[in-house]
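Working notes for the structure below.
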Amino acid sequence: MASSYWESTQKKFWTFTKPQLALERKRLEDSERNLVNMYPVPDRRHLSIYFYHQLSKMARPLGVRQQALATAQVYVRRFYVKVEIRRTNPALVLATALYLACKMEECPQHIRMILAEARHCWDTAFNDISKIGECEFTLISEMNSQLIIHHPYRSLAELQSQFQLTQEENSLAWSIINDHYLTELPLLHAPHVIAITAMFLAVVLKPTQGGLQVHAAGVASALQALGNARGGAGQGTQNRVQKLVDWLAESTVDIEAVVECTQELISLYEIWDSYAEKTCKDQIAKFVKARGLDK
Amino acid sequence: MFTGYNTKKRVNERYKIIGFISSGTYGRVYKAESRNANPPSMKLFAIKKFKPDKEGELQYSGISQSAIREMALCTELAHPNVVHTVEIILEEKCIFIVFEYAEHDLLQIIHHHNTGGQGGRQAIPAKTIKSILWQLLQGLVYLHRNWVMHRDLKPANIMVTSSGKVKIGDLGLARLFYKPLQTLFSGDKVVVTIWYRAPELLLGSRHYTPAVDLWAVGCIFAELLSLRPIFKGEEAKMDGKKTVPFQRNQMQKIVEIMGMPSKERWPLLAAMPEYAQLSSLAAGNARFHRPQGLENWYQGCLKNNQYPPGSGPDTPGPEGFDLLQQLLEYDPQKRLTAEKALLHPYFTSHGKPGENCFEESKIKYPIRRVSQEDNDIRTGSLPGTKRSGLPDDSLIGRPAKRLKEG
């Protein structure tokens, strides 16, 4: 699997086109029309940022590695393609996804530790490991036991040696990959496309300017460079970027896909500024409390 | 879900249990028939029911890591020489993996030749062995290419269908080996049933490789030829302490035939954690200084089992010895890979191996015995199935029970 993403269940069952994904989502919302109308939820990206913060809060004291955290994020995203969020207690889903991801990524955590950390982080009402155990069945069942996740980190490691990325470029690309879990991209594109996008952005953006924080404006200039690759070849840009653009133009990599990924990331960085944790927390608490989902 | 887990499929609605096949630390296996076969040709199944973490557990308490691994790998893998997973059913605290049914397994085939259905001990035809090994290696190449180490290859885990197709089964200990987040050693302290355990594992290697599976293939090859485990050691038990004992007796059995491993042939030998144990092993044991030698073992075995002398289609011949020797290579880095093993002259001289391992064989193997004493897959639990070892991923890989099966 690791070697053959193309044969994987991720490729076969969990990679969608944008219209397909929109359709799945609409079907889900239509089936719960009343709930959807009654309880507004935040923008999906804001929600993802919120989930990520919550997961990291839990993961840090447990010493959970980034890849397991990423796997948990993908599980949560897959799960909410199948199950309407207003029918669930997100805190329980997050804790369970992390518990399951740790086992799958070979860094298991005891279920009691997960429960204790979840209670510590969220002061949640679930106080029994059986809740997590039961939710685990639901999670696995909704994902059809397809638990192996192909992450872009491995592709990045290969690209790093091929293009001799600097330490800074590599860590910027790594953090862009971390960011992509906050978008729909894990459900839309192959991991190597994500890795190429991340590397490209990292090289264009030059990590020296203003630390590792990526900004929308910078990404926009990257898009322009990509436009050159699409046109065949470009000129006028610096050597390093040019080399990448040429390689992209000559490779079999789907440049449209890289452009799409870049745009998705731009809109994430744009919307990030308006993120407010409290809004997410309150809106979730509202349907959870009202429907007694924390019981 | 927050009013309880709602099962989507029910095992009893989909399958009719015909009988009980076997039990182990993992749970129980049943033979079953589809209630509405689709496709109709696929009628028989083996259903593995995982044991809850604690016997009689009435609560959800989290699924063991090995069950999670097996579910994920079974869902992902598809190869003609790996047991096909039909579906996985999660139903009220129970997990069922539904596999295609295989009428035989290598343990049972070896047993049949040992006791002799008619007229005593009888060697397995050379062509059958060649086909079995060929198919086994094909399956293993597939697993290894996909970064999956099996880690528990032994005759009982190699299935054979009635049409002679060999299928690797029981991925309960298998796992991905691409850049593990922790060393492989820290996850499961002991892997592979002891008789098939590679020397680097016996010597405490932390970062072992898929080569452990190839050692096991060598042991299985030898067992198919001689009808007895080649290195039949006794397992040193863990004495309640959290340390893994050195498997002195098993290592002795290997050395008695293979001779002592040397730093010249195995450069990293001295770096093995249990290296010091090796010299103490030799002290006072005469057979260490005059080991039987694999070649003598092989020639004796061929003679005993009346394979014709020389080279030809009806004997494993000198090519077989060369292959065996390269599989039972001490140094894991020098040991043949599954891919290279398939290119060995053993498989190319005297005709290509058959796709059906029973081709041209007149031997009739008995069908798998099933018992009727426990036909209720939902509630069935017989005495003797109580969990005896430690929970998964703690210190013991497989308790002694599995050893006896192997």
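The values are calculated or read from the model by the stated rules, or taken from the named source; none is laboratory data. Computed from a prediction, not measured in an experiment: that's the story for all the values here. So basically every Cβ, Gly included, is an ideal-geometry build from the backbone, and we count neighbours across all protein chains shown. All accessible areas refer to the heavy atoms of the entire protein, side chains included, with ligands and DNA or RNA removed. Shrake-Rupley method; radii C 1.70, N 1.55, O 1.52, S 1.80 Å.
With a 10 Å cut-off around each Cβ of B:87-99, the average count of Cβ atoms from other chains is 2. Dividing the mean sequence gap of close Cα pairs (under 8 Å, 6+ apart) by how many residues segment B:104-348 holds gives a relative contact order of 22 percent. Note on segment B:89-169: with neighbouring protein chains present and a 1.4 Å probe, carbon and sulfur make up 53 percent of its accessible heavy-atom surface. Shielding by partners for peptide A:144-154, expressed as the average number of C-beta atoms from other protein chains within 10 Å of each residue's C-beta, is 4.
So, in Å, what gap is there between the alpha-carbon centers of segment B:198-241 and segment A:102-181? Going from one Cα centre to the other spans 34 Å.
Carbon and sulfur atoms: what percent of the 1.4 Å accessible area of chain A do they account for? Can you show the working numbers first?
Details: 6220 of 12590 Å².
The value for chain A is 49 percent carbon and sulfur by accessible area.
Once you sort the root eigenvalues of the Cα gyration tensor of segment A:1-72 as a ≥ b ≥ c, which label holds: rounded (a/c under 1.5), prolate (a/b larger than b/c) or oblate (the other case)? Cα axes put segment A:1-72 in the oblate bin. Surface calculation, 1.4 Å probe, protein heavy atoms: residue A:7 sits at approximately 120 Å² accessible. Computed per residue of chain A from DSSP H runs no shorter than four, each worth -39500 (n - 2.57), the mean residue ellipticity at 222 nm is -22000 deg cm²/dmol.
Ordering B:111, B:144, A:53 by how much accessible area each has at a 1.4 Å probe, largest first, what is the list?
Values: B:111 115, B:144 30, A:53 70 Å².
Ranking B:111, B:144, A:53 by accessible area, largest first, yields B:111, A:53, B:144.
Residue A:6 sits with roughly 150 Å² accessible to a 1.4 Å probe, with DNA, RNA and ligands left out of the calculation.
Figure legend: label point modelled 7 angstrom from the Cα of residue B:6 along Cα→Cβ; residues of segment A:1-39 with amide N under 17 Å from it are A:27-36. A loss of 50 Å² or more of accessible area (1.4 Å probe, protein heavy atoms, ligands and nucleic acids excluded) relative to the isolated chain is seen in these residues of segment A:1-48: A:1. For segment B:301-307, backbone phi angles converted through the Karplus equation (6.51, -1.76, 1.60; θ = phi - 60°) give residue-by-residue couplings of 5, 4, 5, 3, 9, 6, 6 Hz, Gly and Pro being listed as x. Can you tell me the orientation of helix A:152-163 relative to chain A, as the angle in degrees between its alpha-carbon axis and the longest Cα principal axis, to the nearest 10? Roughly 20 degrees, rounded to the nearest 10.
With axes computed from alpha carbons, what is the tilt in degrees of helix A:255-272 against the longest principal axis of chain A, rounded to the nearest 10 within 0 to 90? It is inclined by approximately 50 degrees.
Each peptide in A:136-142, B:271-277 gets a packing score, the mean of other Cβ atoms within 10 Å over its residues, and the list from highest to lowest is A:136-142, B:271-277.
Using only the alpha-carbon atoms, how far is helix A:111-122 inclined from the longest principal axis of chain A? Give it as 0 to 90 degrees, nearest 10. The answer is roughly 90 degrees.
The packing ranking of peptides A:146-155, B:146-155, A:15-24, highest mean first, is B:146-155, A:146-155, A:15-24, where packing means the average number of other beta carbon atoms within 10 angstrom of each residue.
The largest accessible area among B:101, B:30 belongs to the first residue in B:101, B:30, and the rest follow in falling order (1.4 Å probe, all chains).
Rolling a 1.4 Å probe over the protein chains gives residue B:14 an accessible area of about 90 Å². Per-residue shielding of A:100-111, expressed as the average number of other chain Cβ atoms within 10 Å of the residue Cβ, stands at 5. Between chain B and chain A, the total buried accessible area stands at approximately 3400 Å², from heavy atoms with a 1.4 Å probe.
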